[in-house]
Amino acid sequence: MRALLLALGFALGLAPAVWGETLQQQIDAAEDGAEILLPPGNHAGPLVITHPVVIDGGGVAVIDGGGKGTIVTIAADGVTLKNLILRNSGRLHNKVDAGLRIKGNFNVIRDVRIENSLFGMDLTQANNNVMRRNYISSKEMPLEMRGDSVRIWYSNDNIFEQNTIEHARDFVVWYSSGNKIQDNFIRHGRYGIHFMYAHHNWVERNEISDCVVGVFLMYANEITVSGNKILRSWGAAGMGVGFKETSGAKIFGNEIIGNAVGIYIDPSPWDPDLTNDFEDNMIAYNGIGVQFHTDWERNNFRRNSFLSNFTQVSVRGRGGATRNGWLGNYWDDYAGFDRDGDGIGDAPYEVYTYADQLWQELPPASFFRGGLALAALDFVERLAPFSEPKLILREAYPLSRAPALHAPEAALSGSADKPKTALEMLQ
């Protein structure tokens, strides 16, 4: 077997691991740019890579951290790790024990499987790296005690694509910009993706499912979230897309389905010169389609489809959502007509609160939402109001039929004026 591996390695121009040396010694001794082909089986970690090499595990080689520290640390530029299994990091949160730590630039990590590692990938001041087709999971412990699947800290212009993440805690991006997170599967975590003080990043074509929160934007400006499926964020804090003092966001062409709250907006946009734009999204089967933490302004909703949400729009506390822009959205509970067949309702779409005002002003009362007592009270209120209902929103020109879900690049800013035809609104 040894002779076969040696012959194969030389035939492919690779430098096979040398028996009798530790893997760390082999890496340290390799020339810059050398390719190291690991034989099948377990190889002891932790490892620190300090110069550009290619390490290929052939899909079967395992680097085992032995339950101590971080398994592999890349402290160089131009390193490639591929076809490897990284297993058994340490368990210390204060040391951020991880499967892989990257401290360099222009590295490529592809087809690497990270298992039983407290944290998955930790990028610190690491720019222009590519992470592609990797698998990441944490240790078997309560969700809040697991480590983060990915931590991007002061790291810019990285590409994270076609990866699968499950059973870890959070995917966090802090103080970083220019990162592209695309075509990934992220499931069974706490925060699917969490941005904090991280501006100018992209989240595109991911499927984020069964997390507590799908995507959360916190003090993070000019983030684009487009073409994603954000599914089943449930529980007391469940939300598909959440905002905290975030400005300039572009939320285009997403399917936000089956969440406790589809979109949650807490004083956003914060920057008085910026807006947040929500266009061509499907917001469906959520407990609440869009929830505002307070009466706020400068969020623009255009050509979205609101389908079968228990409550379409709500505002916590007093006030409404009338200071935001609502143009050309489809509401499946719209009760108006379209007599001229132009695709635009003849009457405005309006949302008033009746008994709903109780749980919107007193959140603990939401425990009774959907119950018989509150439903009966709501019926009586609508039949013969004994208090003035509160207007939550008014859309002058709602669509009378649901638009097709547009590709993100087709999402265009709408005009404040009524379009001549519905076709103009849908194009």
Under 11 Å, Cβ to Cβ, from LEU307 - net charge with Lys/Arg +1 and Asp/Glu -1: -3
Charge context of ALA126, other residues only, Cβ under 12 angstrom, K/R +1, D/E -1: 0
Estimated D of the range 117-167 in µm² per second, where Rh is the Kirkwood radius over Cα pairs and Stokes-Einstein applies at 25 °C, 0.890 mPa s: 212 µm²/s
Karplus-derived HN-Hα couplings along the range 93-104 (A = 6.51, B = -1.76, C = 1.60, θ = phi - 60°), whole Hz, x at Gly and Pro: 5, 5, 9, 6, 4, 9, x, 9, 10, 10, 10, x
Over the range 46-426, relative contact order from alpha-carbon pairs under 8 Å, at least 6 apart, %: 8 percent
Whole-number D in µm²/s for the range 237-324 (Stokes-Einstein; Kirkwood sum over Cα pairs; 37 °C, 0.692 mPa s): 259 µm²/s
In order through the range 248-258: 3J(HN,Hα) via Karplus (6.51 cos²θ - 1.76 cosθ + 1.60), integer Hz, x for Gly, Pro: x, 7, 10, 10, 10, x, 9, 9, 10, 10, x
For the range 293-306, 3J(HN,Hα) per residue [Karplus equation, 6.51 cos²θ - 1.76 cosθ + 1.60, θ = phi - 60°, Hz, x = Gly/Pro]: 5, 7, 5, 9, 8, 6, 9, 10, 10, 9, 6, 8, 10, 9
More than 25 Å apart - percent of Cα-Cα pairs taken over the range 46-426: 57 percent
Burial ranking of peptide ranges 215-227, 134-146, 21-33, 176-188 (average Cβ count within 10 Å, highest at the top): 215-227, 176-188, 134-146, 21-33
Span per principal axis, largest first, for the Cα atoms of the range 82-126 (Å): 28, 24, 8
Size-normalised alpha-carbon gyration radius of the range 19-83, reference 2.2 N^0.38 Å: 1.02
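Values quoted throughout were computed directly from the atomic coordinates according to the rules given, and no laboratory measurement underlies them. Remember, it's a predicted structure, so these values are computed and weren't measured experimentally. Glycine also receives a Cβ, built like all others from the backbone with ideal geometry; neighbour counts cover every protein chain displayed.
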